[in-house]
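First comes the structure, then the notes that go with it.
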Amino acid sequence: MSTVWSIIGAIIAVIIAWWVVNIAFSIAWFLVKAIIAVVVAMAIFGLIKASLRSKDRQS
């Protein structure tokens with residue numbers, strides 16, 4: 001009977017591990033997307049600021 005419980009325990013452990021890894025990768029991917037979005041936003045902000053600065057110098 002302990003063999004059956006060992007098999008059931010292993011199956012449950014795999015299912016729980018699958019969910020934990022799925023959640024971990026979801027969080028990691030969200031953080032990567034957030035970092036990329038911040039970098040792109042900073043680049044766009046820099047371009048806009050440089051564009052406005054050059055227009056001010058021309059006037």
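Taken together, the values in this text are just the output of simple stated rules run on the coordinates, not laboratory data. Everything numeric here is computed off the predicted structure, so don't read it as measured data.
How large is the direction-averaged shadow of the alpha-carbon convex hull of the chain, in nm²? Walk me through the numbers before you get to the answer.
Details: hull surface 14.2 nm².
If I average the Cα hull's projected area over directions, I get 3.5 nm².
Starting from 0.36 nm per residue, how many nanometres of slack lie between residue 13 and residue 33 once their C-alpha separation is accounted for? Please report the intermediate quantities before stating the final value.
Numbers: separation 20, 0.36 × 20 = 7.20 nm, distance 3.00 nm.
Full-extension gain reported as 4.2 nm.
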